[in-house]
Protein chains: 2
Amino acid sequence: MSVTGAPVLGFVGVGRMGAGIAQRLHEAGYSISAVYDVNRSAAERLAPLVGAQAVSDLASVTQRADVILTVVTDDAAQRGLFAPIGDSLLVGCAGKTFINCATLTPEVHVDIQERCRARGAQSLEACMASSIPQAREGTLYLMVAGERGTFDRMQPLLEKMSASLRYIGEAGSAAKVKALVNMVMNINTAGLAEGLGLGAALGLDLEMLREVFSQTGARSRVLETDGADMQNREHETFFSSAHAAKDSHIATALAHGVDLELPLAQATARQYDRLVELGLGELDKSAVAELTFPQRRAERVGVA
Amino acid sequence: MSVTGAPVLGFVGVGRMGAGIAQRLHEAGYSISAVYDVNRSAAERLAPLVGAQAVSDLASVTQRADVILTVVTDDAAQRGLFAPIGDSLLVGCAGKTFINCATLTPEVHVDIQERCRARGAQSLEACMASSIPQAREGTLYLMVAGERGTFDRMQPLLEKMSASLRYIGEAGSAAKVKALVNMVMNINTAGLAEGLGLGAALGLDLEMLREVFSQTGARSRVLETDGADMQNREHETFFSSAHAAKDSHIATALAHGVDLELPLAQATARQYDRLVELGLGELDKSAVAELTFPQRRAERVGVA
């Protein structure tokens, strides 16, 4: 099936999240003309699954698509896509719409909106507060910011990606909310790892401890999603520790910008930095428990 | 009504929690013979409500009751009740049972068990992971440790206090679990205060932000209990910041004892210490938001 009158889509950045969204929108009937990734093999793996062509330059994505979704890693990667010179999504972009899904510093979204406007294009930020299965199933929690008219025009497409869609406000505002969500989530995760790690060190039954947490003031969403994984050292990646480090730093930089001291957010950023320094950044965020369980710490010292 | 064959009760420490439990057990049919508080007027206020006598020494409580419930503030107060010399609950305590409800350093419970055993008495720790309304209604989440036989004998009484009753293990073990519950709860509370404070500083709509938190990985029990209070500066005390400071220090001391570094627990303890230093220790734990909302910080500087 195909969606009549629907825009043709292009994708830039087809890692776990980007590929999941592309497959979902393909199944929902959207035509996808081009996919691009700096890791060319990722684009080539995905292309046949969504009836698209894997292209090797950014300008080709803009040329072939009406709406281009970008799902990249960080500020530098996102800015690179919209470079003012050289190969760039901005080449021939008049009339096109960009939907940028990465968790970034808010001002990057504002800058990109300005660059797009100056060339007759539109842009939105679409911040995802969910993980890989939700991307694949079209059940993301999606917070969108940018011009209201652009949001209204893109709403049918955004609804196919999400179970919950929310327009937040002007460019940068959804990224702020997203940074705060991840900041609090990461604090709760690092805190839970301390509770379970100390419980293990005291010889408590961790099944019992997690159940008590779940029925008391210690309850949290991350207890449900990460508690057993911390206990069992199952750190298959849904949201990497490297991403947690990056997002914690986005939040602490925002705090710094308004002269606010946030000691827990800073301590959390340091924990995730340590994981990255230990070479564990590609493990799931639950791996922060590797720093707080005494036996695991001892193992690392033994290895080093 | 009265419970046939039931033990006669005494109460030591009748602040908000102790008084609530006494009223609940009185209504459930238990006879209460004596109540004691270092704040004599608290005991005199409660006594007529529960058909008891307000007594002015600890030995009188032991003398008049079969089972003595203690609900005091901290380690020093608890140790004082069981002093080896002078006025003490230990005077004439053979055959009596003590149920100690405060959140304390686990080894205090172990010490008290030993002192009681040496004099032919029994003791239990009954750690409460709930607040004032639950004490009054008999719906506490109650974690109990000590000798199993003593627990079994006290179970009918403990069930009248609780909606959820759990035997954890040997003396000190319930206090360890309780310390971990409060440690994680306090981390989540201090982290939430940072998220909402930064949201306010960035000019975000805090109603929207709390709703987004509630639907994402930032969700927690303290978001439900304290989120609106942080936004609205409603810090009526259910669990005081001074208690949060004390409990955070119990947990960090336990961590220190097993040579474990817990940076978030330490940062949280420092935040609650700061509240106490600012004279805000008697406000609810939600008052930690007074440290993280920029306007509130500015007010304090203005006042100082």
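Quick one: is B:N186 within 9 Å of chain A (Cβ to nearest Cβ), closer than 30 Å to A:H256 by Cβ and either without any contact (Cβ under 8 Å) to a residue 60 or more places away in the chain or buried (at least 24 other Cβ atoms within 10 Å of the Cβ) (or both)? Break it down stepwise before answering.
Values: within 9 Å of chain A (Cβ to nearest Cβ): yes; closer than 30 Å to A:H256 by Cβ: yes; either without any contact (Cβ under 8 Å) to a residue 60 or more places away in the chain or buried (at least 24 other Cβ atoms within 10 Å of the Cβ) (or both): yes.
So B:N186 fits the description; yes.
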If only one of B:G217, B:G227 is surrounded by 17 or more Cβ atoms within 10 Å (Cβ to Cβ), outside the structural domain of B:G18 (by TED's automatic domain parsing) and assigned to a helix (DSSP H, G or I), which one is it?
B:G227
Out of the range B:239-268, which residues are more than 10 Å from chain A (Cβ to nearest Cβ) and touching a residue at least 60 places away in the same chain (Cβ under 8 Å)?
B:H243, B:A244, B:K246, B:D247, B:S248, B:I250, B:A253
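Given the condition at pLDDT 95 or above and within 30 Å of B:A251 (Cβ to Cβ), answer yes or no: does some residue in the range B:41-53 qualify? Step through it out loud before you land on a result.
Within the range B:41-53, the subset at pLDDT 95 or above is B:41-53.
Subset that is within 30 Å of B:A251 (Cβ to Cβ): B:42.
Among the residues of the range B:41-53, at least one is at pLDDT 95 or above and within 30 Å of B:A251 (Cβ to Cβ), which makes the answer yes.
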Quick one: is A:L157 more than 7 Å from every other protein chain (Cβ to nearest Cβ), in contact with a strand residue (DSSP E or B) (Cβ under 9 Å, 6 or more places away or on another chain) and surrounded by fewer than 24 Cβ atoms within 10 Å (Cβ to Cβ)?
yes
What do you reckon, is B:F293 aromatic (F, W, Y) and at pLDDT 95 or above?
yes
B:A267 - would you say it is crowded, with 21+ Cβ neighbours inside 10 Å, assigned by TED's automatic domain parsing to the domain that holds B:G197 and in contact with a Pro (Cβ under 7 Å, 6 or more places away or on another chain)?
yes
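If the requirement is being within 28 Å of B:A245 (Cβ to Cβ) and more than 10 Å from chain A (Cβ to nearest Cβ), which of these qualifies: B:A171, B:A200? Explain how you work it out, then say what you get.
Working: B:A200 fails: more than 10 Å from chain A (Cβ to nearest Cβ).
Going through B:A171, B:A200 in turn, just one is within 28 Å of B:A245 (Cβ to Cβ) and more than 10 Å from chain A (Cβ to nearest Cβ): B:A171.
I need the full set of residues from the range B:230-254 which are over 20 Å from the mean Cα position of the chain (by Cα) and either buried (at least 22 other Cβ atoms within 10 Å of the Cβ) or within 20 Å of B:Q134 (Cβ to Cβ) (or both), in order please. I'd like the intermediate steps shown before the answer.
Initially, the range B:230-254 is screened for residues over 20 Å from the mean Cα position of the chain (by Cα), giving B:230-234.
Within the range B:230-254, B:M230, B:E234 qualify.
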Of everything in the range B:281-300 that's in contact (Cβ under 8 Å) with a residue 24 or more places away in the chain and farther than 21 Å from B:L223 by Cβ, which residue is surrounded by the fewest Cβ atoms within 10 Å (Cβ to Cβ)?
B:Q295
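Do the conditions hold for A:G195, that is, is it within 26 Å of A:V108 (Cβ to Cβ) and outside any loop (DSSP other than H, G, I, E, B)?
Working: within 26 Å of A:V108 (Cβ to Cβ): no; outside any loop (DSSP other than H, G, I, E, B): yes.
Here the answer is no, as A:G195 does not meet what is asked.
The values are calculated or read from the model by the stated rules, or taken from the named source; none is laboratory data. In this text the structure is predicted, and so the values were computed from the model without any measurement. Please note: Cβ atoms are built from the backbone with ideal geometry, for glycine as well, and neighbour counts cover all protein chains shown.
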